[in-house]
Amino acid sequence: MSFLLRFIAECLFTVYSVSFLLYHRRNFLMKQKYLIFFLISAVINWSFSATWGLAISSHYGAPALLLIVLLELKGLYQMNPMQLLFESGYFVAVLYWGRGIVLPVFALILNQSVHWVRHNQFYYPVAWILSLCMILVYNMLFRHVIAPKAKVETFYRSKEQIRFVAIFQVCLLGYLLFINLGRYYGVDLPWYKISHIISCIICFAAQGLLVNRGIRNSSLLEYELHTELLQQQLERNLRHYKAYQKYAESFRAFKHDYNHMMTSVKSLLSAGEYQKAINLLDTIHETRHKQVPVQHSYSNNNLLDALLQDTANRCEEQSTQFSANVYLPAGHNISDIDIVRMFTNLINNAAEACAKVTSDSERFIAITSRFISHNGWLQIKTANSFHGKVLIRNGIPESTKPNRDFHGLGLSIIDETATKLGGIMVIDVDQKEMVFKTTLLLPVNIQQWNKKDRLPVRGG
């Protein structure tokens, strides 16, 4: 019977560890040879539970398991150090706290010490089975209610928030390990068992509250960034509309003079004064160029064109070469807010990188698009010059600004938006030519694709 109970406990431990490792496929990029590393990790975890006897209560068991899980996650997924520490700490802490509740309860019911329960061939496997059942339920509650996938992604991106929670979580685990030392010094009394149970419950509650707080703060941080982007876009639209208003007023003034000038041209032609008519036409042409500013079209989408018009003006002020030719087909599913999120971040990142280039002749920003008709994908490419060295972590360049949590979200937001639309973002850094390239591939509904949208519109 004891062998069967122990086997059930080991199976439940394996279920918990395997589900834990598989869960992160939703949030992180998998590394090469993922399947091989996953099988090795599953065998290691099962071996740990079988050979060590699930003894994470020892001084070495919990730290050893923490290190094992951290290395497994590092081999499986592209995580930064704080993400690794948080997830490995979560795995071990939940196991330790769950066991820390059930074992003292058994000891109190049986009127025995925790040490006696741990060495009992029947009660210890039963206690572990109940602990693991409780842990699996809590893990499901944590992943779907406390930290659901839709919200936890912003938490993973916020380095400050995840650092705070990860370190505090490990400190809670260390605190319980320290409290557990009491049973080695004859303090295994009823009040000690009850205090241990209460401490574990408090740790569970603290973990849930801290993660929930981290998610909320991360969401507020991104909301603040989104609000700032929208405000910037509204300011761009206002500048664009004012420029268009100025263009319309200039055109009306020119049109008024044009009618009188053309009357004069007809009179000169009727009188045979051809040279004077030619000179007057030249004057009309010069007047048009002086009075009516040239309006370039960079996109067939009004919102995107306004954004690119403003970018062109900014680049002209900063002596940065700018070119854009971005046309969205009729079947695209990109909303206005997604256009603002993607292109504002693309342009801001490019402009900030160009600002660090000292030579005016080397500063440039180029944005182009191409519809791949045979598979229905829209390709948007952005290229810009930069100065210095770009550090890539998890496929995203690290921000060089002091407040990295706030300013390092740009490309992550672009990537998140592209993924939401069913597309991908690819980054290519040419350190030799000092050119930073970003490519967005977004799916387009082919049936709604109209041939007239393929015709290029002349831009600047």
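Whole angstrom only: what separates the Cα centroid of segment 324-395 from the Cα centroid of segment 261-280?
A separation of 50 Å, based on Cα centres.
Quick one: Debye curve from the C-alpha atoms of segment 60-165, no solvent, what's log10 I(q)/I(0) at q = 0.16 Å⁻¹?
So the normalised log intensities work out to -0.82.
Tell me, in nm to one decimal, what length is gained between residue 266 and residue 3 on full extension, where the rule is 0.36 nm per residue of separation less the Cα-Cα distance?
Answer, rounded to one decimal: 83.7 nm.
Once amide H atoms are placed 1.01 Å from N in the peptide plane, what residues at a sequence separation of 5 or more from residue 321, or on another chain, have their amide H within under 5 Å of its amide H?
Amide H to amide H, under 5 Å and 5 or more residues apart or across chains, residue 321 pairs with 363, 364, 365.
Which value in nm describes the separation of the simple spin-label points at residue 11 and residue 23, placed 7 Å from the Cα toward the beta carbon?
2.2
Equivalent-ellipsoid semi-axes (√(5λ), Cα gyration tensor) for segment 59-110, whole Å, largest first?
Here the semi-axes work out to 29, 10, 7 Å.
Which value, in Å² rounded to 10, gives the accessible area of residue 211 with a 1.4 Å probe and all protein chains present?
The value for residue 211 is about 0 Å².
For segment 193-229, which trypsin sites (Lys or Arg not before Pro) pass both filters: DSSP loop (anything but H, G, I, E, B) and at most 16 other C-beta atoms within 10 Å?
none
May I have the convex hull volume per residue, in Å³, for the Cα set of segment 1-134? Intermediate results must be reported in sequence, preceding the final value.
Working: hull volume 13.1 nm³, N = 134.
Per-residue hull volume (Cα only) is 97 Å³.
Roughly what would the spin-label model give for residue 317 and residue 122, points 7 Å off Cα along C-beta, in nm?
8.2
Taking every alpha carbon pair in segment 113-221, what does the distance histogram look like in 10 angstrom bins from 0, in percent?
13, 34, 30, 17, 6, 0
The values are calculated or read from the model by the stated rules, or taken from the named source; none is laboratory data. Quick caveat: nothing in here was measured; it's all calculated off a predicted structure. FYI the Cβ positions are ideal-geometry reconstructions off the backbone, even for glycines, and counts take in every protein chain you see. Ligands, DNA and RNA are stripped out before the accessible areas are found, and what is left, the full protein with its side chains, is counted by its heavy atoms. Shrake-Rupley method; radii C 1.70, N 1.55, O 1.52, S 1.80 Å.
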